[in-house]
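As structure tokens, the structure follows; a few thoughts come after it.
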Amino acid sequence: MTSTASPICLCRLRGVGKSFAGLRALWGVDLDLHAGEIHALVGENGAGKSTLIRCLAGIIQPEDGEILFDGRAVELTSPRAAHRLGVAAAHQAPELFLWRSAAENIFNVRGLPADPFIPWKRVEEESREALRRLGSEIPPRAEAGLLSASQRQVVALAGALIARPRLLILDEPTASLSEGESERLFRVLDELRRGGVCILYVSHRLGEVLRIADRVTVLRDGRVVRSDRAGALDADALVEAMVGRRLEAYYPRAPEHGAETVLEVEDLGDERGAFRGVRLALHRGEIAGLYGLVGAGRTELGQALAGFRRARGVVRARGSVAYLPEDRIRDANLPGLSLRENLTIAALDRIAVGPLIDRRRERSLASSLREKLDIRAPGIEGSIDTLSGGNQQKALLGRWLATEPEILILDEPTQGIDVGARAEIHRLIADLAAGGCGILLISSDLSEVLGMSHRVIVMREGRIAACFASGEAGEEDVGRAALPEERGPSRRHSPDASGPPPPARGAWSDRASARLARFLGQREAALAAVIAAIIIATGWRSSRFLAWESLRDVACDTAPLALAALGQTLVIACGAIDISIGSMLALCAAAAALMANAGCGAAFAVAGAAALGSLLGAVNAAISTAGRLHPIITTLGTLGIYRALFLEWTDRRWLYLPDTLLDLARSGPFGVPVSVWGALIAAGLFFHFLGGTRAGRACLKVGDNPRAALAHGLRIESTRWLAFAILGGCVGLAAVFYTARYGTVQNNTGMGFELQVIAAAVLGGAHVAGGRGTAAGALLGAALIGLLASARPVWGIHERWQLVGVGALMLGALALETAIARLSPGRRP
Amino acid sequence: MSGSASSPWGSRQTVLLAAALVLAAFFAVISEEFRSPSVLLDQSCNWVEVGILAPAMLVVILIGGIDLSVASILALVGVSIVRLHAEAGLPIWFAAAAGLAIGAAAGALNGWIMVAARIPDLVVTLATMAIYRGLAQAVAQNRVHSGLPESYRFLGDGLVAGVPAQWLVLIAVWAVLYTAVHHGRFGRTIYGTGSSERAARLARVPTARVRVMAYALSGLAAAVAAILFTARSNTARSDDALGFELDAITCVVLGGASIAGGRGSVPGVFLGFVGLGLLRTGLDLKGVDEIWQRLTTGAMLIAVAALNERIAAARTGRRRGSPAESPASR
């Protein structure tokens, strides 16, 4: 545990400051990080720890001060820039690509190998090695979206390890590790320290910190209050430094509460394991403070009590429950709407006469709330976005006052607002309690909790750990009760361990993931089985259907669909969609026909069509990017534009294809037409591109989790450009093969093509929200739809049912998938 | 000018009104026919259906959705009414009522699929666009149906005190939707859902029901449009109204609505509708090919939508129109 005699300063922070929305999070922080040390960073919630590590990891940039690496000032403009300097961070709630495997996510920081074909074996081996080093049994192939929160954290840890950092930042790494896993981590950290790595270790577990750290820095309210050798500190000294002696703030006192219970909770457990065994009662006029560290389950408990989170147990509420969420920007504000509309949205019953809103009544309600809450706004008609944070919060409180609730659940009501507004909100809360409202006040501000509440409930790791009556406990008692217990038998119950009893959740989740992975692997098998069944059944009905010529025709019909479906799969995987491809197909077909009729060879005509298609696809991407438009609107517009250009170009006359092009769909090597070969080769290329190249993986990742993509330095816009251009090229090829089959280019050529292609892609497993899609799936999806079209006449079904069937098939497949996702745990909500 | 995204009147409407007047003046100068009220009146009738689809499309777009299936619903309802009357022998007004029910049900089905199976609005209506069109073909059996009674056709070509009856229907539809969107409870829940679906749900707005109702309204509007369409043309075909959804969406976007939801107004869309109608009528009368009209519509849709997103982003100070927050990625 001794540091080297003359420590090498790896990284130095000088006067680093940062504020958010006018609120200071860091004040001139100085910090020296030495090579070969474990440097612990401790402090209460909101002390500025995460802001500090986010600055070091390049996620945010400080406003004041400088960061020096090896004595030179550096700008950490992005996580990539930080990574180049040797910084790797494992955050508490890491951003992962949820459809990708654990192994691939482990390579997020370091980047996948740049080989021409990504060596997945090696990636998996290295990942397994890194996971084994951490004592984890997570299979490298497990889908990240199916991992539990603690497993995701282990993945992030492993990723930070294989990046071979010089500065390793760990945020609460043991929060959800078992004892054995923690010990193993400490051993790894010790090895790294010996190897000269600096580890910045953020933790609430003071015993652990004192045991493994060389030095400890304590942050409080954004300032460094103490920085010392670990040997010179003990737990009490740390708690004192963390909590400090605050100025005694004035808190308005609510009068004694009534005896009547308004809310009763018995044995409440969260379905996803954030809390369990919760029992509490709230009385009329009582303020119950709910304190706990981040991740202790308080927010989740509040959501469950308000009815916005599924939980098992008994909740008896006498009266209406109002809920003010923690993240008001994301969860409460109705941006763009006026203060008036924001104030009255929950109380429409009070201002409506039948189906109509009584404007006069509404204005008087809104105005009276504005006065009562002293919301500083020029009027009630201005947009809520223009108000300051404190006034927004008062308005959201007002929204619930308008409903005259019996029970009020407030999650961090004063977080991030200025002192004046804070005091006013405290006065309001006390007034409400005096008026008989039972209030559950969730807060990480100790002095607020102690100052406001009749009773303080402390949550720790998903359970209620302690309960103090007002005046019975001081800040240090409450603060200590909230800290996780040091190593002991009960530590095995990590917040995630509440699932079914043994086998532990990890193993169970792995099994579920394996099952789902098997199903998804079977999507191709299932499609192939359906295709085979249709072929056999149709052949049964009409043996001519099984003749070589007939099957070749089916393949010819399928080829253009398959080509376009491959491209569309790529675009959908990126999180976009292109509905202009029908018109694009017509334009490209016209180009090919005109070129061929002018005497060009078939190869030239095909290349010309593909080039034109790529151009048109790139135009779609360019418009979406430049106009910041969703691809739906862009391609809905170009759908009309391309069709118009096509009609203008052909002058509404049919174009006839010369034999050179018609032959493409008639003959080819081994008796298989060129068009079919084209589709098969394209499928092979896509298979390689999506599965084996970094650009292909980038397409999947950009659609999977754009925030993670940004954080890991992927270029979202150029990835989309590429996908759209490739789709265009595919449609160009498809155009030639499509028209070669029918011999003419007509005014309505390609109409409805987009639906068939999107349906094929979706059936093949492309996920409409982005992030998933395979070449084999697209090929099989297209084959199924092409086959349905060919088999339909055999069964005597009229052509008009074709589109109905395709549309219904697509919706059915998506609905089935939603149903399966609901049955599997851990899937994104 | 009021700052709220839901206010019915604002600078956009002034600009649109000015643009429409300039457009009208321009065509009046260059086209003699455009100056003739009877020609204009006659031409306006071609726009009634889009005029009825547009305000309902606004409601759908306000909640952050999009409805590509309206034209197919229109065709389905049209052929259903005519067949129910001419072949099943149902009295015409019963047939029309059944048509309205079919339209509303088809729309509600769209919304229900989105809510129940969590499929994005675009994908659902893209699929039902094909499904409802296919059903229309199945009902029509490849024939053109006609034979509607005089009383019904009055809706299409009759005059009430010199005003076309279809105009009266059009005005009624706009009046009802103006009231519902800007003065009704329904409108509040619509704007709330479009502004932030999550926040609206936490404020106890029944967002799922709102979505189903918005799409049901869109289907109902398509059915009303189908009644006027069949009454005027005295026929119904399964390929009626192709492309009407694009015109309706263009009106909404021209009217200043944000495709990301939460921003737009009925008067704005009305002016967008008048502007698009004037432009296309003028081009028609000048003998400009339909191809070029199609091209202008598409280009205008893209240009104005991009402009709207810019304005919305500037107003709220963040990138609300960024690709991550739009109908397909909901």
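The values are calculated or read from the model by the stated rules, or taken from the named source; none is laboratory data. Since the structure is predicted, the reported quantities are computational estimates derived from the model, not experimental observations. When we count neighbours, we look across all protein chains shown, and the Cβ atoms used for this are built from the backbone with ideal geometry, even at glycine. For accessibility, only protein heavy atoms count, side chains too; no ligands or nucleic acids. Shrake-Rupley method; radii C 1.70, N 1.55, O 1.52, S 1.80 Å.
Only one of the listed residues (A:A683, A:A725, A:A709, A:A698) is out of contact with any Phe, Trp or Tyr (no Cβ under 7 Å at 6 or more places or on another chain) and modelled with pLDDT of 90 or more. That residue is A:A725. Of all residue pairs spaced 6 or more apart or on separate chains, those with beta-carbon atoms under 6 Å, a first member in segment B:1-23 that is within 14 Å of chain A (Cβ to nearest Cβ) and a second member that is surrounded by fewer than 18 Cβ atoms within 10 Å (Cβ to Cβ) and at pLDDT 75 or above are B:S2/A:E381; B:G3/A:G382. Among all positions in segment B:32-41, there is no residue which is within 14 Å of another protein chain (Cβ to nearest Cβ) and either open to solvent by 10 Å² or more (accessible area, probe 1.4 Å) or in contact with a Leu (Cβ under 6 Å, 6 or more places away or on another chain) (or both).
When you look at B:Y152, is it modelled with pLDDT of 90 or more, open to solvent by less than 10 Å² (accessible area, probe 1.4 Å) and either part of a helix (DSSP H, G or I) or closer than 22 Å to B:V205 by Cβ (or both), yes or no? When the stated conditions are applied, B:Y152 does not pass them. Against the conditions (1) within 14 Å of chain B (Cβ to nearest Cβ); (2) crowded, with 23+ Cβ neighbours inside 10 Å; (3) within 22 Å of the chain's Cα centre (by Cα), A:L305 satisfies every one except (3).
For A:L733, state whether it is open to solvent by less than 10 Å² (accessible area, probe 1.4 Å) and touching a helix residue (DSSP H, G or I) at 6+ places or on another chain (Cβ under 9 Å). Judged against the criteria, A:L733 is not a match. When the residues of segment B:268-292 are filtered to those that are in a helix (DSSP H, G or I) and within 9 Å of another protein chain (Cβ to nearest Cβ), the one that is most open to solvent (accessible area, probe 1.4 Å) is B:W292. Scanning segment B:232-249 for residues that are within 13 Å of chain A (Cβ to nearest Cβ) and closer than 21 Å to B:Q293 by Cα yields a total of 9. Listed here are the helices (runs of 4 or more DSSP H) enclosed by segment A:559-662 that have at least 2 residues being more than 10 Å from chain B (Cβ to nearest Cβ) and surrounded by fewer than 24 Cβ atoms within 10 Å (Cβ to Cβ): A:581-597, A:602-627, A:659-662. Across segment A:722-752, the number of residues qualifying as over 36 Å from the mean Cα position of the chain (by Cα) and among the aliphatic types (A, V, I, L, M) comes to 4. Within segment B:250-267, the set of residues being more than 8 Å from every other protein chain (Cβ to nearest Cβ) and either over 13 Å from the mean Cα position of the chain (by Cα) or outside any helix (DSSP H, G or I) (or both) comprises B:G255, B:G256, B:A257, B:S258, B:G261, B:G264, B:S265, B:P267.
Within segment A:188-213, no residue that is farther than 17 Å from A:Q92 by Cα and of a type in the set (F, W, Y) sits with its Cβ atom under 8 Å from a residue that is open to solvent by less than 20 Å² (accessible area, probe 1.4 Å) and at pLDDT below 90 at 6+ positions apart or across chains. From the list A:V321, A:V315, the one residue that fits, being more than 13 Å from chain B (Cβ to nearest Cβ), among the aliphatic types (A, V, I, L, M) and touching a residue at least 40 places away in the same chain (Cβ under 8 Å), is A:V315.
For A:G743, indicate whether it is more than 9 Å from every other protein chain (Cβ to nearest Cβ) and in contact with a strand residue (DSSP E or B) (Cβ under 8 Å, 6 or more places away or on another chain). Here the answer is yes, as A:G743 does meet what is asked. Considering segment A:285-299 alone, what residues qualify as being open to solvent by 10 Å² or more (accessible area, probe 1.4 Å) and either free of Cβ contacts under 8 Å to residues at least 24 places away in the same chain or touching a His at 6+ places or on another chain (Cβ under 7 Å) (or both)? Listed by number, the list holds a single entry, A:L293. Set side by side, the residues A:L446, A:L450, A:L428, A:L432 differ, and just one is modelled with pLDDT under 90 and out of contact with any helix residue (DSSP H, G or I) (no Cβ under 7 Å at 6 or more places or on another chain), which is A:L432. Scan segment B:250-267 for residues that are open to solvent by less than 10 Å² (accessible area, probe 1.4 Å) and at positive phi and jot them down. B:G261, B:G262, B:G264, listed by residue number. If you go through segment A:773-798 and pick out every residue that is more than 17 Å from A:D553 (Cα to Cα) and either within 14 Å of chain B (Cβ to nearest Cβ) or free of Cβ contacts under 8 Å to residues at least 12 places away in the same chain (or both), you end up with 3.
Taking B:W167, is it in a helix (DSSP H, G or I), open to solvent by 60 Å² or more (accessible area, probe 1.4 Å) and in contact (Cβ under 8 Å) with a residue 60 or more places away in the chain? Yes; evaluated as a whole, the condition is true for this residue. Scanning segment B:172-228 for residues that are more than 10 Å from chain A (Cβ to nearest Cβ), under 21 Å from the mean Cα position of the chain (by Cα) and in contact (Cβ under 8 Å) with a residue 12 or more places away in the chain yields a total of 25.
Inside segment A:706-730, residues that are open to solvent by 20 Å² or more (accessible area, probe 1.4 Å) and touching a residue at least 40 places away in the same chain (Cβ under 8 Å) make up a count of 10. Looking only at residues of segment A:372-401 that are open to solvent by 10 Å² or more (accessible area, probe 1.4 Å) and away from every other protein chain (no Cβ under 14 Å), we find that the one that is farthest from A:D431 (Cα to Cα) is A:R376.
The selection criterion, being in contact with a strand residue (DSSP E or B) (Cβ under 7 Å, 6 or more places away or on another chain), open to solvent by 50 Å² or more (accessible area, probe 1.4 Å) and modelled with pLDDT of 90 or more, does not hold for B:L135. Can you find a residue that is open to solvent by 10 Å² or more (accessible area, probe 1.4 Å), at pLDDT below 85, among the acidic types (D, E) and not in a helix (DSSP H, G or I) anywhere in segment A:814-821? The answer is no; no qualifying residue exists. Can you find a residue in segment B:195-206 that is within 13 Å of B:V59 (Cα to Cα) and in contact with a Leu (Cβ under 8 Å, 6 or more places away or on another chain)? Within segment B:195-206, one or more residues are within 13 Å of B:V59 (Cα to Cα) and in contact with a Leu (Cβ under 8 Å, 6 or more places away or on another chain). Selection over segment B:45-58 of residues that are crowded, with 19+ Cβ neighbours inside 10 Å and either more than 20 Å from the chain's Cα centre (by Cα) or among the polar types (S, T, N, Q) (or both) gives a count of 0. Being within 10 Å of chain B (Cβ to nearest Cβ), in contact (Cβ under 8 Å) with a residue 40 or more places away in the chain and either over 20 Å from A:A377 (Cα atoms) or open to solvent by 70 Å² or more (accessible area, probe 1.4 Å) (or both) is the filter here; which residues of segment A:339-366 pass it? Listed by number, the residues that qualify are A:A346, A:A347.
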